1. With respect to B:Ser5, determine if the residue is under 30 Å from E:Pro479 (Cα atoms) and hydroxyl-bearing (Ser, Thr, Tyr).
2. Confirm whether E:Leu369 is within 14 Å of chain B (Cβ to nearest Cβ), surrounded by fewer than 24 Cβ atoms within 10 Å (Cβ to Cβ) and more than 26 Å from E:Arg414 (Cα to Cα).
3. Within the range E:374-398, can you find the residues that are part of a helix (DSSP H, G or I), surrounded by 24 or more Cβ atoms within 10 Å (Cβ to Cβ) and facing chain B (nearest Cβ under 8 Å)?
4. Among (1) loosely packed, with under 15 Cβ neighbours inside 10 Å; (2) more than 20 Å from C:Ala86 (Cβ to Cβ), there is one condition C:Ala14 misses while meeting the rest; what is its number?
5. When you scan the range E:29-146 for helices (runs of 4 or more DSSP H) that lie fully inside it, which ones turn up with 1 or more residues that are modelled with pLDDT of 95 or more, closer than 23 Å to A:Leu159 by Cβ and within 12 Å of chain A (Cβ to nearest Cβ)?
6. Scan (1) closer than 18 Å to B:Ala13 by Cα; (2) buried (at least 24 other Cβ atoms within 10 Å of the Cβ); (3) not aliphatic (A, V, I, L, M) for the single condition B:Glu62 breaks and write down its number.
7. With the checklist (1) on the phi > 0 side of the Ramachandran plot; (2) out of contact with any helix residue (DSSP H, G or I) (no Cβ under 7 Å at 6 or more places or on another chain); (3) at the interface with another protein chain (Cβ under 10 Å from one of its Cβ atoms) in hand, flag the one item A:Gly212 doesn't pass.
8. Could you grab me the full set of residues in the range E:186-206 that are at the interface with chain A (Cβ under 8 Å from one of its Cβ atoms) and aliphatic (A, V, I, L, M)?
Amino acid sequence: MSLLQTGIDALLALGLVWLAWRALACPDLFRGIVLFIAFGLLMALAWVRLEAPDVALAEAAIGAGLTGALLLAALARLNRIAPAGTRADTREAWRNAPALLLVLAGAGLGLAVLSLLPEPAGLQAQVAAELGRSGVSNPVTAVLLNFRGYDTLLEVLVLLLALLAAWSLEAEPPRREAAPGPVLDLLLRLLLPVLVLAAAYLLWAGAHAPGGAFQAGAVLGAAGVLALLAGWRLQPHLTGLPLRLAIVIGPGGFLLVAWALLLTGRPLLEYPPALAGALILLIETLATLSIAATLAVLFQGSRPAAEPPA
Amino acid sequence: MSPGSWILLAVLASSLLPGLVIFAIAERRVALRTGLNLLGAVSKLLLVGWMLWGVAHGHAFELRLALLPGLDFVLRAGPLALLFVTLSSALWLLTTLYAIGYLEGSPHRSRFFGFFSLCVTASVGVALAGNLLTFLLFYELLTLSTYPLVVHRGTEAARRAGQSYLAYTLTGGALLLAGTLWLYSLAGTLEFTATGFVHGLVDDHRGALILIFWLLIAGVGVKAALVPLHGWLPQAMVAPAPVSALLHAVAVVKAGAFGIVRIVYEVYGVELAADLGVALPLAALAAITILYGSLRALYQDDLKRRLAFSTVSQVSYIALGVAIAGPIATIGGLVHLVHQGLMKITLFFCAGNLAETVHIHRISEMDGVGRRMPWTMGAFTLAAFGMIGLPPVAGFVSKWYLGLGAMQAGQDWVVLVLAGSSLLNAAYFLPILHRAWFRAPAGNGFAPAVGGRETGWLLLWPPVITAAMSLGAGLLAFIPFSPLEWVQFIARQEFIGYD
Amino acid sequence: MTGPDYLAALLLLAGALFFLAGTLGLLRFPDVYTRLHALTKADNVGLGLIVLGLSLQSGSWLVAGKLILIWLLVLLAGASVSHLIARGARLRGIPEWRR
Amino acid sequence: MSAAGFYALAGVALVVLGLYGLAVQAHLLRKLLAVNILGSGVFLVLVGLGGPADAGPDPVPHAMVITGIVVAVSATALGLVLMLKLTTTSGRPTLEDDAPREGPEA
Amino acid sequence: MSPVLLPDLPWEALLILLPLTGAAAGALWPPAARAIGLLTTAGGLLLLAGLGTAVADAQTLRHAVGGWGAPLGIELRADALSLVFLTATALVGLGVAVYADSYFERSQARGFWPLWLFLLGALNALFLSADLFNLYVTLELMGLAAVALTAFSGGRAALSGAMRYLLATLLGSLVYLLGVALLYHATGTLDFSLLTQRLEAGPAARTALGLMGAGLALKTALFPFHFWLPPAHSSAPAPVSALLSALVVKASFYILVRLWLELFAPLSGLEGAGTGEVLGWLGMAAILWGSWQALRQPRVKLLVAYSTVAQIGYLFLAFPLLTAAGLPDPAAWRAVLWLVLAHALAKAAMFLAAGNLLRFGGHDRIPDLDCVAQRLPLTVAAFALAGISIAGLPPTGGFIGKWLLLEAALLQGRWDLVAVMLLGGLLAAGYVFKVVGHFFTPAAAGHAARPVPAAMEWTALTLAILALLLGLAPAWLLPWLDLAVGPGPAEAVP
């Protein structure tokens, strides 16, 4: 490793810590969020440097992009609800007490980390050995959708759960914002096909290259967010069952696959080797749809209007 | 499980099941509730009679169910257990009759009678318990099932009395639990045996055994109202009269006293208790309680409070007899378990009648009440004579044996305590009798009798019967199955060689 | 290094220079409108030069095409976003800077 | 020290920062930011510790981090909704002190 | 067990899939949510029976998800220990589900059922997982579902409690995950059994133990990490409070027990005893502090919530108890599992009863409980019975658990633990009867009483009676617990 690369890594690592510190400490909340988004993008770079391009994509799209959008949207709503509440100078009473303790704990943690660095153990060999039977050639996708597909099943359920939880709270009645003008609309019309194409590409590429359902879903979700920003809304007849179907179909489809495999007498989520690739693609496609729909609806912050009357 | 052991469950069930059913009965279905109550009480008495007969003829009834590894749930009907069981069952029947009359038309009777039955179940369980764990189970159950009766009236005073009752008894229960567990961790068994089961430990764990003894005694001493653990008893007087009767004569206080008997005789054994040097302090504590209770009773104007302090004093006769650790004193103590029960329940029934019929709660209001309620006050007088220890009422028999036993054991000071206590008893009972019989009623007199009777049949008969029983127990002390005879039967088993 | 390599290096350096200038402008210019002005220079020209340099280095028409596509997308997005920011600033009544 | 080591240690620093922010900041949005930074730190440790081994990067932590990122965004979304609703009812985007809750419910 | 009666099904997988599928279906088609919710909850009990018979046969069932097996894949594991927790979940879950069916209004109920099924599925998945990272995902699924349910009623206190809870639970999970990261890189596996073989004492193992222990203790609300519990548990809707107190805090405790019994305590050279001692002290502090606070509370639900803080303390008293060989004392752990079951049933009953009181009188201020003894006799009975079990008085499950734990502590001469347990029992009796006493007294002002559906009273009472019956059946149930904590894992290490 060259000195230059070491320098970049060190700078990046320091930059991450500095940005995080600024994001937490700067007095203006809006600036804090923007810094946090920048932090997320830097994280994505760090993932690239750590040879984790899949994570980098996910971080950029979800960690920085959508989380940032969610935070900004929330801040905007907060401004409406409690204009005075966006001041960030409020602090807990015991502001300085834990600092020393935390630094000590951090030092201990650092030492433990250093003790592991020389010879960390991992599962590279096992993944490589079984990759051929997994149905995909991107090892991360193989782990996510096959070797540890059960985690992923629970994870898409977590996303669904978050949405249901948000819906059960009904934070505020939806309100129509001023249309942001024709430029955004035009941009959206130009960009939407590109985004859909990009999502489809990420989804497809996930089998053999960096990408996959989460990244694709996030990109598609971002398209939804843009559309919402441009003032587009779902047709009322689509906000009921069709929307719920779009949201549930990812986890639901995954669950159905699990049931079907269980009914054929296999263990939970054991794909027949011949079908593994196809099943993974099916699950990922459905998951992409649901992830996108869920993220976009979460961004909107409230249940789309025209629920079927109770 | 031997076939005869089912009877033990049946004895428990005869009050438990009616109790549970009564909870579910609508308030207005008086006949059904009364029927169930009486059916349970009578069948319990019959079952107990059967067991008495069997035990007298050398049968042993035992029931053993696995509860914890190495520890069983054990019910065993020996002579000692049956002494208490018989007392409880007989007095339960009478108290039930009395309560039916006393609470006529008052609210929440289903709740009351349900807990009443549970309470008796628990005290019968306390009596029949074959090991310390089973004893502990029923002992705590007794606490819990009595609580709703103490707070039954639902007034703020009742609530406070209930809190105080629980604070005392549950703390006692915790101490009992600690002692029991400690003993179990040392001995590996908790089975009651005629001469105690801890002999083997005395060499290695002498200090621990002494500590455990006091833990256990403190645990049961709370219910037995040993000074200074007696504070709850006078407060609990806010409860209705049948509950007081239950607390003082049928169940709670008796369970505590009975616990002392069990611990001294069947956990430690009298010899070991004397050897450990714990018997004498216990006797002294009992003596102090006797005198203290009597002294406090002197200064109470509230009739029920005076009776309550009298109980504090009288129950310690049992502990005293047990702690003196001689066979004759034991007879005196044990027989007082029955005699005190009969006499004290009479007194409480009478106090209840006064309160219920002519609304008298204070001794200073009792002037001339003997003329208005001759039968009630007659019963009261008889029981009070018994308490003082005048022959031929039952109390005399107890005191006689206690004094005799103390002298036999070389503890002459006890006689002084007995004499002093009797004087004090006289000092707080005779003025009541004087007021009732020899003073003229104040003011407008009492509420007139209805229908020519001084009060309802159900209120009148129970005290009269128990008064008659107190007299009978004294007069006929030497016929078979009299309390004294039965206690001597017990003593023959506890003290090898006594006859 | 061959001729195209030198050219690519030159283009990349020039691009970096634009980025540097744009960043300086972002930090030093007095108001939102002028800052936007500086930023778009960096985004559009700077990125264009870098994309050109990289395309020369890529040695494949496909990759070069992808790179140029990225540039076009950034142009589109950058222009729209700059417009939106400026519009938002106007709607909020933020005044232009005057000396 | 390898490059991965930098990131692992940076991860530790982020964890400490996140904890500090969570403890010290009262504004709920800040607390959520702190949780996210804490999470990023944990993820960095998770991958950074693996380091660039000879056998290539270990994909299992990568998959775990992707899962973690999705969980984090879900939790953040829920947290934001909760914060907004809480602010609507109480008027302040902070948690109240414990003191008023001890008294009887108003 | 006879294969004729029960076919050899993948019970573990079904126990997880059924509620989660129900949740998704309920979200898709809200009008059917109620039926789906009740049916799947009840179905869980049947599946559990199947799993129970299978575990009785094989002791430990392993299910390699995806067919890969550890270390590459995730494994599910069902043994007696998981069965204890699953049983508590199924019983309490069913009771609460029936209760909730009457508790929530129709429009609300549609939102409730999917969230509840998520929680149920997450709990089942958690108790069956043998993979450290998978446990993290289940923890998050459970935590978010629990937070959502806490905030469900939408009141100010509930929202504030839920927010605090969310932050605490996220922090706990992330700290736990950090420990997982260390363990993974120290051993190259996430599977419990493989970790048992591979983990060696060292700074990484020690730090991981500290991190995971701290994270899970936070989620379990062990003193002094309990700050989030009373506001959340007291402000949530009654059925949710019951779930949170009875089950959710037990889930993180379950992971802690697994880690302790199988990974860390047997690891020689880790000074496991020191950690155990610390946890024991915190447990004692929790008992005293929680009970004392409960005694001071003016409202029933707050009181019951603080009681949970105290009762959690009991569960930690087994950590310092070690055998002569320095291994965890099976007798103590058996007692703790017993307490877990007893507390789950009793605490659920208490919260449900408190919910009835709240609905009946419109408030739950203790001094103003207006003569409820005669108006809500079943609720009062449920509260009292459950309270007796919580206070560890006979003849209840709580008593047996306390007896077993006291016995274990006494045999090791731990008088400090004994004293705290006895004192805690008295304080518990104090706060229980503080409430019960007011059931009998009339309040100063009359209240407009609102009827309480019979199902709500009966479910509370049924759970309380189950807690009581637990006290009568120890001989029957103890062998199961012995299987769960017995010599097994600790001595399996060479």
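1. Considered against the rule, which asks whether it is under 30 Å from E:Pro479 (Cα atoms) and hydroxyl-bearing (Ser, Thr, Tyr), B:Ser5 comes out as yes.
2. Values: within 14 Å of chain B (Cβ to nearest Cβ): yes; surrounded by fewer than 24 Cβ atoms within 10 Å (Cβ to Cβ): no; more than 26 Å from E:Arg414 (Cα to Cα): yes.
Against the criterion (within 14 Å of chain B (Cβ to nearest Cβ), surrounded by fewer than 24 Cβ atoms within 10 Å (Cβ to Cβ) and more than 26 Å from E:Arg414 (Cα to Cα)), E:Leu369 does not qualify.
3. Within the range E:374-398, the subset part of a helix (DSSP H, G or I) is E:374-375, E:377-390, E:397-398.
Those left that are additionally surrounded by 24 or more Cβ atoms within 10 Å (Cβ to Cβ): E:379-380, E:382-383, E:385-390, E:397-398.
The one that is part of a helix (DSSP H, G or I), surrounded by 24 or more Cβ atoms within 10 Å (Cβ to Cβ) and facing chain B (nearest Cβ under 8 Å): E:Ile388.
4. Of (1) loosely packed, with under 15 Cβ neighbours inside 10 Å; (2) more than 20 Å from C:Ala86 (Cβ to Cβ), only one is false for C:Ala14: (1).
5. Once the helices (runs of 4 or more DSSP H) in the range E:29-146 are filtered for at least 1 residues that are modelled with pLDDT of 95 or more, closer than 23 Å to A:Leu159 by Cβ and within 12 Å of chain A (Cβ to nearest Cβ), what remains is E:106-128.
6. (2)
7. (2)
8. E:Ala186, E:Ala204
The values are calculated or read from the model by the stated rules, or taken from the named source; none is laboratory data. All values reported here derive from a predicted model rather than from experimental measurement. Virtual Cβ from ideal backbone geometry, glycine too; neighbours counted across all protein chains shown.
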